[in-house]
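Here, each number is a calculation from the coordinates, and none is a lab measurement. Nothing here was measured: the structure is a model prediction, and the numbers come from that model. Here Cβ is always computed from backbone atoms with ideal geometry, including for glycine, and neighbour counts include all displayed protein chains.
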Amino acid sequence: MTAGTVQVPSLIEQFERGLDAPICLTWELTYACNLACVHCLSSSGRRDPGELTTRQCMDIIDELERMQVFYVNIGGGEPTVRPDFWELVDYATAHHVGVKFSTNGVRITPEIAARLAASDYVDVQISLDGANAEVNDAVRGPGSFAMAIRALENLSAADFRDAKISVVMTRHNVDQLDEFAAMAARYGATLRITRLRPSGRGADVWDELHPTAEQQVQLYDWLVDHGERVLTGDSFFHLSALGAPGALAGLNMCGAGRVVCLIDPVGDVYACPFAIHTRFRAGNVLSDGGFDNIWKNAPLFLELREPQSAGACASCGHFDGCRGGCMAAKFFTGLPLAGPDPECVQGYGVTALARDRNTPRPTGDHSRSRAIPLRLITTPPARPCNESPV
Amino acid sequence: MPEPFDPARSWRLHPQVAVRPEPFGALLYHFGTRKLSFLKNRTMLAVLDALGKHADARSACRAAGVADDQEEPYLRALGMLAASNMLVPR
């Protein structure tokens, strides 16, 4: 990111007071998914019966165009399983809202890849959480590595330039960073790595999967060395206290409700993609006067744009670097929001985690196996797809 | 490759760049390079608005109310925008 002219206060301080429209808007189009990743942020699996219709999605896009939201990050669930997905992508780009979408690759056929390569306004992000099938499939499910690689091959063969390979960093793939970078180079893609959050089903596996303290340092060092060529969604700002201010590229702050937010498949607006919980629900686009009104006036968002208490972190010399870390990571591990991040690099998170704490119960779960533990089928389905979520 | 920035030439925003005014200045987004930039004050936004209507970058600064002895940071910022292809010669 480049900057204009000199002026105080800093951009971070400006951003903490909020913007007229989000810079980075995530829109989960569906909770339906063909996979069941163990760390799914949105606990996806089954389609929600209240999912926004095509018309309702188009109305949101019209509003985003009026607000000059430059692009949306579309995810899910697996967004491409919505029958109107490509129609919505075309509608958005025709209305000056660029699209970056995340996919596990299930629908990225050679034909779709060619179609994507023809548009300047669509960016594709393939999710992959291991540099080989063994590490990846343990998290994302059997066959998911092969599916992602096939999608990357199809994109590359269609001459789609600069796809993103999106990796959630876990204890089992930090050692594979160089392999991921090589893989990105092989497909003419860019590597994007993000932080594992204890959100959604991630709460169940966070203890075993989040990188160890040594691995956080390893990750930080790797980022400082390779930061210019690697995207991070600015998600590792909790690590910035490991080095000199500014050593870590990107905007090192929590943007929840200030510069980022999430619209979920039923139109609920949350402060950030990692905070799908009623505590961070600002409103619903259908029942609360539209997205623009929620963004500008929701009490939750106005509260987040007020100066936040640093709490237990106030006396820490690194607060200016990490700014207390990730709100969602604290919330879902049962830590106070005014206090250290569970992965605080000064070790205060470990101490805080050792104390008595109540982790919040999830308030939305579309997982397949949990929601429908048992189901008796007395007659065979008319068509195989009637039994498939996609 | 972006053209080296010459303040004596006439410049304009790249046609794929969108500008969103904000209380602190403005956000710029380039749909081609998918890069985001920030203008840190409203004067800089006025300079950009004036660019397309003036024969060169210096007169655009004047039109936006930037005096001769204050133009240096504005020209430098325009240079950064030209280097990232946000501005192109007219």
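It is to be established whether one or more residues within segment A:82-92 are surrounded by 23 or more Cβ atoms within 10 Å (Cβ to Cβ), touching a Lys or Arg at 6+ places or on another chain (Cβ under 6 Å), farther than 30 Å from A:A249 by Cβ and more than 14 Å from chain B (Cβ to nearest Cβ).
Checked segment A:82-92: no residue is surrounded by 23 or more Cβ atoms within 10 Å (Cβ to Cβ), touching a Lys or Arg at 6+ places or on another chain (Cβ under 6 Å), farther than 30 Å from A:A249 by Cβ and more than 14 Å from chain B (Cβ to nearest Cβ).
Being among the polar types (S, T, N, Q), part of a helix (DSSP H, G or I) and under 15 Å from A:A163 (Cβ atoms): is that true of A:T80 here?
Values: among the polar types (S, T, N, Q): yes; part of a helix (DSSP H, G or I): yes; under 15 Å from A:A163 (Cβ atoms): yes.
Against the criterion (among the polar types (S, T, N, Q), part of a helix (DSSP H, G or I) and under 15 Å from A:A163 (Cβ atoms)), A:T80 qualifies.
Suppose we keep only residues that are in contact (Cβ under 8 Å) with a residue 12 or more places away in the chain and facing chain A (nearest Cβ under 10 Å) within segment B:45-74. Which one would you say is surrounded by the fewest Cβ atoms within 10 Å (Cβ to Cβ)?
Going through the qualifying residues, I end up with B:L45.
Report, ordered by the first and then the second residue, all pairs with beta carbons closer than 8 Å, sequence separation of six or more or different chains, a first member in segment A:116-133 that is facing another protein chain (nearest Cβ under 10 Å), and a second member that is small (G, A, S) and assigned to a loop (DSSP other than H, G, I, E, B).
Within 8 Å, the pairs are A:D120/B:G32; A:D123/A:A163.
Yes or no: segment A:347-354 includes at least one residue that is in contact with a strand residue (DSSP E or B) (Cβ under 6 Å, 6 or more places away or on another chain) and surrounded by fewer than 22 Cβ atoms within 10 Å (Cβ to Cβ). Outline the logic, then answer.
First, the residues of segment A:347-354 that are in contact with a strand residue (DSSP E or B) (Cβ under 6 Å, 6 or more places away or on another chain): none.
No, segment A:347-354 contains no residue that is in contact with a strand residue (DSSP E or B) (Cβ under 6 Å, 6 or more places away or on another chain) and surrounded by fewer than 22 Cβ atoms within 10 Å (Cβ to Cβ).
May I ask you to list the residues in segment A:155-172 that are farther than 20 Å from A:S199 by Cβ, in contact (Cβ under 8 Å) with a residue 40 or more places away in the chain and surrounded by fewer than 21 Cβ atoms within 10 Å (Cβ to Cβ)?
Within segment A:155-172, A:A157, A:A158, A:D159, A:R161, A:K164 meet the criteria.
B:G32 is checked against (1) closer than 24 Å to A:H95 by Cα; (2) small (G, A, S); (3) crowded, with 19+ Cβ neighbours inside 10 Å and fails just one. What number does that condition carry?
Exception for B:G32: condition (3).
Tally the residues that are closer than 30 Å to B:P21 by Cα and either touching a residue at least 24 places away in the same chain (Cβ under 8 Å) or surrounded by 19 or more Cβ atoms within 10 Å (Cβ to Cβ) (or both), restricting the search to segment A:13-51. So that I can check it myself, show each step before the final result.
Taking segment A:13-51 and keeping what is closer than 30 Å to B:P21 by Cα, we get A:13-29.
Retained after the next criterion (residues that are either touching a residue at least 24 places away in the same chain (Cβ under 8 Å) or surrounded by 19 or more Cβ atoms within 10 Å (Cβ to Cβ) (or both)): A:14-29.
Residues meeting the conditions: 16.
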